[in-house]
Amino acid sequence: MAEESDSGLSVTPNVSIPRSELEYRASRAGGAGGQHVNTSSTRIELLWNVRTSRAVTDEQRERIAAKLAARITADGDVRVVASERRSQQQNRKAAEERLATLLRGALAVRRKRKATRPGKAAIERRLDEKKRNSDRKRQRRGGAED
């Protein structure tokens, strides 16, 4: 969960995006809300530029660019939109949370898979199953038997 602080948006324990790097745009949202929705700009679009950010290292920047390539604009902005709530402030928090979750996923380093070999019992079970299948098919064939 992203923590809100004066210094910035906390993504991971070592990555915090300064609020000065976040750009908010408000516009009218569609959907439920009656006349209220037609008069107020509650939809929030949150932009954060990966290329110019000082919040991440070059290695983290490359990882984010690779994993979020489909979400990054030509200018290098990661764009997140929130319009579920009726209040601009709530949508702002929702957009920040989405950005933090997105970046957390992109920054996560997956462990390398360690190659393992099947155990003796697993090999025996597989061979037994193959033998049973073979016998079953042999019985189905019919015809002259020895």
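The values are calculated or read from the model by the stated rules, or taken from the named source; none is laboratory data. Here the structure is a predicted model, which is why all the values come from computation and not from measurement. For neighbour counting, all protein chains shown are included, and Cβ atoms are generated from backbone atoms with ideal geometry for every residue, glycine included.
Filter the stretch 77-124 down to residues that are within 16 Å of Lys67 (Cβ to Cβ) and among the β-branched types (Val, Ile, Thr), then give me how many there are.
Residues meeting the conditions: 4.
As an exercise: evaluate Gly142 against (1) surrounded by fewer than 10 Cβ atoms within 10 Å (Cβ to Cβ); (2) touching a residue at least 12 places away in the same chain (Cβ under 8 Å); (3) not aromatic (Phe, Trp, Tyr) and give the number of the one condition it does not meet.
Unmet condition: (2).
Need pairs with beta-carbon distance below 8 Å; first residue under 19 Å from Glu96 (Cα atoms) and without any contact (Cβ under 8 Å) to a residue 60 or more places away in the chain and within the stretch 54-82, second surrounded by 15 or more Cβ atoms within 10 Å (Cβ to Cβ) and among the acidic types (Asp, Glu); sequence gap 6+ or separate chains.
Listed pairs, sorted by first residue: Arg54/Glu21; Ala55/Glu21; Arg79/Glu45; Val80/Glu45; Val81/Glu45.
From the list Ala106, Ala82, Ala121, Ala144, exactly one residue is over 32 Å from the mean Cα position of the chain (by Cα) and either modelled with pLDDT under 90 or acidic (Asp, Glu) (or both). Which is it?
Numbers: Ala106 fails: over 32 Å from the mean Cα position of the chain (by Cα); Ala82 fails: over 32 Å from the mean Cα position of the chain (by Cα); Ala121 fails: either modelled with pLDDT under 90 or acidic (Asp, Glu) (or both).
Checking each option against the conditions leaves just Ala144.
Against the definition (surrounded by 10 or more Cβ atoms within 10 Å (Cβ to Cβ) and either on the phi < 0 side of the Ramachandran plot or without any contact (Cβ under 8 Å) to a residue 24 or more places away in the chain (or both)), how does Lys112 come out, yes or no? Lay out the reasoning, then the answer.
Values: surrounded by 10 or more Cβ atoms within 10 Å (Cβ to Cβ): no; either on the phi < 0 side of the Ramachandran plot or without any contact (Cβ under 8 Å) to a residue 24 or more places away in the chain (or both): yes.
It is false that Lys112 is surrounded by 10 or more Cβ atoms within 10 Å (Cβ to Cβ) and either on the phi < 0 side of the Ramachandran plot or without any contact (Cβ under 8 Å) to a residue 24 or more places away in the chain (or both).
Please state which one of Glu3, Glu59, Glu21, Glu45 is surrounded by fewer than 18 Cβ atoms within 10 Å (Cβ to Cβ), of a type in the set (Asp, Glu) and modelled with pLDDT under 85.
Glu3
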